[in-house]
Amino acid sequence: MKDVNVIFLTGRLTKDSELRATTSGKHIQSFSIASNDDYKKLGSDEWTNKCYFINCVKFGNTLGLDKGVAVSIQGKLTSNTVEKDGVKRTYIQVEVINLNFIVPKEKVEKVEEVKNEELAEKTGNIDEGMKAMFKEEKKDDVFVKGNQDAEDLDVPF
């Protein structure tokens, strides 16, 4: 019987991803995500939140991933053993097969631009020409363009 090694996770990047390449030119991207788990303590009605930090690696086509971006990943658990100063250490990580943005990256970038614009407005470091670049309106914490309703957005959940 063949074993199954599949993992699905959602979470937010804990820092910007690190990109590197092997000597043969194969691209490798490393990052970690924080994934929360809520549970009730045994014999109690009190909810507890626990955060797990999971190391991930993606081979092949790479994307620039920034800290705080929400992603869902599908992958498999892998281990890597490293020996340093005579001590062997084994690291578990997720080898990413499929990565999706929970909120499309373009929308995440636009929200960041709007946040930067709002900050600049508060501090008085923005001119009228820059204000014209930010014409989105905010509906229920979702930024939409023009008269497009928030219900019309393609949201993956």
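The values are calculated or read from the model by the stated rules, or taken from the named source; none is laboratory data. In this text the structure is predicted, and so the values were computed from the model without any measurement. Neighbour counts are summed over all protein chains in view; Cβ atoms, including those assigned to glycine, are modelled from backbone coordinates with ideal geometry.
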Query raised in the report: Would the range 77-91 turn up any residue that is modelled with pLDDT of 90 or more and within 20 Å of Val103 (Cβ to Cβ)?
Result: no
**Report entry** Test set (1) free of Cβ contacts under 8 Å to residues at least 24 places away in the same chain; (2) assigned by TED's automatic domain parsing to the domain that holds Val94 - Lys2 fails condition number
**Finding:** (2)
Report task. Only residues in the range 78-99 that are surrounded by 10 or more Cβ atoms within 10 Å (Cβ to Cβ) count as the first member; pair them with residues that are among the small types (Gly, Ala, Ser), Cβ under 7 angstrom, at least 6 apart or cross-chain, and list the lot. Result -> Tyr91/Ser79; Ile92/Ser79; Val94/Gly75; Glu95/Gly75; Val96/Gly75; Ile97/Gly75
Query raised in the report: If you go through the range 65-77 one residue at a time, how many are touching a residue at least 60 places away in the same chain (Cβ under 8 Å) and either of a type in the set (Val, Ile, Thr) or farther than 25 Å from Asn5 by Cα (or both)?
Result: 2
Requested in this report: Evaluate the following for Ser72: is it polar (S, T, N, Q), closer than 14 Å to Ile97 by Cβ and under 12 Å from the mean Cα position of the chain (by Cα)?
Outcome: yes
Query raised in the report: Of the residues that make up the range 35-42, is at least one assigned to a loop (DSSP other than H, G, I, E, B) and either closer than 16 Å to Cys56 by Cβ or at pLDDT 90 or above (or both)?
Result: no
Query raised in the report: Yes or no: Leu42 farther than 12 Å from Gly11 by Cα and in contact with a strand residue (DSSP E or B) (Cβ under 7 Å, 6 or more places away or on another chain)?
Result: no
